[in-house]
Amino acid sequence: MGNVPSAVKHCLSYQQLLREHLWIGDSVAGALDPAQISVLINLHCFQPYVSGFSVSLVGSVACIHWETSQLSGLPEFVKIVEVGPRDGLQNEKVIVPTDIKIEFINRLSQTGLSVIEVTSFVSSRWVPQMADHTEVMKGIHQYPGVRYPVLTPNLQGFHRAVAAGATEISVFGAASESFSKKNINCSIEESMGKFEEVVKSARHMNIPARGYVSCALGCPYEGIITPQKVTEVSKRLYSMGCYEISLGDTIGVGTPGSMKRMLESVMKEIPLGALAVHCHDTYGQALANILTALQMGINVVDSAVSGLGGCPYAKGASGNVATEDLIYMLNGLGLNTGVNLYKVMEAGDFICKAVNKTTNSKVAQASFNA
Amino acid sequence: MAAMTKALPRRLVGLASLRAVSTSSMDTLPKQVKIVEVGPRDGLQNEKNIVSTPVKIKLIDMLSEAGLSVIEATSFVSPKWVPQMADHAEVLKGIQKFPGITYPVLTPNLKGFEAAVAAGAKEVSIFGAASELFTKKNINCSIEESFQRFDAILKAAQSANISVRGYVSCVLGCPYEGKISPAKVAEVTKKLYSMGCYEISLGDTIGVGTPGIMKDMLSAVMQEVPPAALAVHCHDTYGQALANTLMALQMGVSVVDSSVAGLGGCPYAQGASGNLATEDLVYMLEGLGIHTGVNLQKLLEAGNFICQALNRKTSSKVAQATCKL
């Protein structure tokens, strides 16, 4: 089996677990700390009470990943951009208190994640959940090696963000005129003008700016979005100075074919190293779409712990792809992320309890007993 | 670490050319995919609430109308083990048998096979595993002994002109043994194929697999059994089912098992989900321009029907997104 850790197997006895898997979490990020070991010791594992066709399981599991041969052609390292505190919480109905948000982000900072999108300096009239943006930005502990970008829809938001201590910002464009109009009340062209102001000011102050392109694989109003349009908008954002463009399947309608076609178009104009994908799991397609993007060389992926956030365009539907499920796949593929899955699951458990909801992460569902 | 060092040279060699291979694999996806609907059997079998015979029959009829060409109807197993399947004979006799649709049933042993034939079965399935421990715990014998049992069924099926589909469980991991070698999966698959199964469905029983492991396993199996005789049966316990299925399609597999509404939990991880939802699979295949013959709208209706009967929410994301609350 080698010494690549394959974490807790939920049906082995816990004695066997400790014998074989003390290095859980050590694969690509951080060794198991004593607290985690004591949790494992308390795991009851599998107790069969019926032979034959059904078996009962008592206990929980941190994660499972197996030693694997590298899928050829994939990037060696994948950077995960954690958008739970912003994109995730923004779409949650329950308003989360400021101190909980801060605690949540502090926990995420200790998982190995290197980029955590903290909040949005948008008017509280539009997004009440983000009303405490300044307090959150000032209140979090900024760990060395971790970056904390914030959304800044306009110059006013940008200045507030900087005053609150932001050292990285994001701007949100869209590949759909209708979406742009409905979302930020202006055309794509007008929005580019606003973003240009923000990005130029940011660059002037040596603050990196990340650009998002919404509706990259489909729009709730226009339906199909051409890859050419996505390319055009991405190119505008890149040439005005955004260091990275995150291509968002905002309503999760994309499938591997449309992902491939869109990326092929965008990659003709923007270097691979400057691209990221932001897949929503509204139709269960996120991981398949992300796999496709990885196969095309993309190595930056956005996700939200616990799959936080619903979809404002499809009531009852899910939203972001869950960071835990993403890490599980990347670990299984043998790709480095630097992130400790177990710690992410703990952070997910924390925020789900705070928001009083069950996790959208399948890995977490399989690992923690209800 | 030794394993990392072992992996490193492979990563460095010809990355650019390898990338070209993996992206072009999208162009070699099958033009059509046969979906084997296992909701009425694998799905219901793992649902806590017992569903009445008329409801089961209606579900299967609705699935037939949705355009699915293979619907696994029930399991001729002792009701002592699987109470949900106690009405197997009534279900098989009660469903409408649409022309062009096959309704395989599970037959774990000769007795079950004979009962199935008596009830009108034209196709049966047998369930092997790539894990000794799983076989022992599940059907109380070794893999070798299980082959002897299957042989009896296959011989009887051959005489009666009945097709047999083989399943191999635990192909990407076992809840008891942990890691399963691709070579073992290839060995068991080859045996079932050579014994006379026309198709072998490779099951990630506990859903632990990820695309790289799926690829390794299929590479080994495809050296022994032609791709056209293979199917994948991915469980979504860790959210990996669709990504794993995509990888299988890229490798040339064109038969995929799934369950309407993602019915069925996982008996090995309480609270976890089970099968890949047929709706979500169809959504992806349609988006890829792959022909399935399935009417998604009618499929959604069938899923909605059974979820109401089971008093549970659907596990299909497509169904969740489409339902207006």
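The values are calculated or read from the model by the stated rules, or taken from the named source; none is laboratory data. Keep in mind that this is a model prediction, so the values were computed, not measured. Because the Cβ atoms are built from the backbone with ideal geometry, glycine has one as well, and the counts that use them run over all protein chains shown. Note: areas computed on protein heavy atoms with side chains; ligands, DNA, RNA excluded. Shrake-Rupley method; radii C 1.70, N 1.55, O 1.52, S 1.80 Å.
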Whole-number accessible area per residue in Å² for segment B:34-322, which is evaluated in the context of all protein chains at 1.4 Å: 33
Can you tell me the FRET efficiency between A:T167 and A:I224 if r is taken as the Cβ-Cβ distance and R0 is 30 Å, rounded to the nearest 0.05? 0.20
Check cross-link reach from A:K101 to the aspartates and glutamates: straight Cα distance under 18 Å, and skip same-chain residues fewer than eight apart. A:E82, A:D87, A:E92, A:E117, A:D132, A:E135, A:E346, A:D349
Just how large is the dipole of chain B about the Cα centre, in debye to the nearest 20, putting +1 at every Lys and Arg Cβ and -1 at every Asp and Glu Cβ? 360
Pairwise FRET efficiency - A:S123 versus A:K200, Cβ, R0 = 30 Å, nearest 0.05: 0.85
Theoretical ellipticity at 222 nm over chain B - DSSP helices of four or more residues, -39500 (n - 2.57) apiece, nearest 500: -13000 deg cm²/dmol
Using a cut-off of 15 Å between beta-carbons, work out the net charge of the residues near A:G241 (Lys and Arg +1, Asp and Glu -1, A:G241 not included). +2
Add +1 for every Lys or Arg and -1 for every Asp or Glu among the other residues with Cβ under 12 Å from the Cβ of B:K136, and state the total. -3
Could you look at chain B and say what percent of its accessible area is carbon and sulfur, using a 1.4 Å probe and all protein chains? 55
Let me make sure I get this right: for segment A:79-368, a, b and c are the square roots of the gyration tensor eigenvalues over alpha carbons, sorted descending. Under 1.5 in a/c it's rounded, otherwise prolate if a/b > b/c, else oblate. Which is it? rounded
Can you give the accessible area per residue of segment A:172-267, in Å², using a 1.4 Å probe? 40
Let me spell out the model: positive unit charges on the Cβ of Lys and Arg, negative unit charges on the Cβ of Asp and Glu, origin at the Cα centre of segment A:226-363. What dipole size does that give, in debye rounded to 20? 240
Three-way shape label, segment B:34-322, alpha-carbon gyration tensor, a/c 1.5: rounded
Taking the dipole about the Cα centre of segment A:256-359, with the C-beta of Lys and Arg at +1 and of Asp and Glu at -1, give me whichever of A:A354, A:Y313, A:A293 is farthest to the positive side. A:Y313
7 Å from Cα along Cα→Cβ at both B:E224 and B:K190: what's the point-to-point distance in nm? 0.5
Neighbours of B:L276 by Cβ distance under 9 Å: Lys/Arg at +1, Asp/Glu at -1, summed charge -3
Tell me which lysines have Cα within less than 16 Å of A:K260's Cα, excluding those fewer than 8 residues away on the same chain? A:K229, A:K268
Interchain or long-range residues, amide H under 5 Å from B:F127's placed H: B:Y167
With 32 Å as the limit, write out which pairs from A:K235/A:K353; B:K215/B:K317; B:K137/B:K190; B:K93/B:K179; A:K93/B:K58 have Cα-Cα distances beyond it, or answer none. A:K235/A:K353; B:K93/B:K179; A:K93/B:K58
Determine, from the Cβ-Cβ distance of B:S52 and B:S163 and an R0 of 22 Å, the FRET efficiency 1/(1 + (r/R0)^6), rounded to the nearest 0.05. 0.15
Under the definition of partner shielding as Cβ atoms of other protein chains within 10 Å of a residue Cβ, what is the mean value for peptide A:270-282? 1
At 7 Å along the Cα-to-beta-carbon direction for both A:K235 and A:E135, put a label point, then send me their distance in nm to one decimal. 4.6
For A:N356 and B:S142, extending 7 Å from Cα along the Cα-Cβ vector and measuring point to point gives, in nm, a value of 5.8
Peptide A:248-254, shielding by other chains (average Cβ, 10 Å cutoff): 1
Roughly how big is the B-A contact, given as buried accessible area in Å² (both sides, 1.4 Å probe, nearest 100)? 6000
Pairs of Cα atoms under 8 Å, at least six residues apart: use those to get the relative contact order of chain B, whole percent. 20
Which residues belonging to segment B:124-155 lose at least 30 Å² of 1.4 Å-probe accessible area when the assembly is complete, relative to their chain isolated? B:K137, B:N138
Mind checking the mean number of beta-carbon atoms from other chains within 10 Å of the Cβ atoms in B:173-182? 4
Quick one: order A:Y143, B:Y238, A:Y283 from most to least accessible surface, probe 1.4 Å. A:Y143, A:Y283, B:Y238
Taking the alpha-carbon distance from A:K181 and a cut-off under 16 Å, which aspartates and glutamates remain once sequence neighbours fewer than 8 residues away in the same chain are dropped? A:E189, A:E190, A:E222
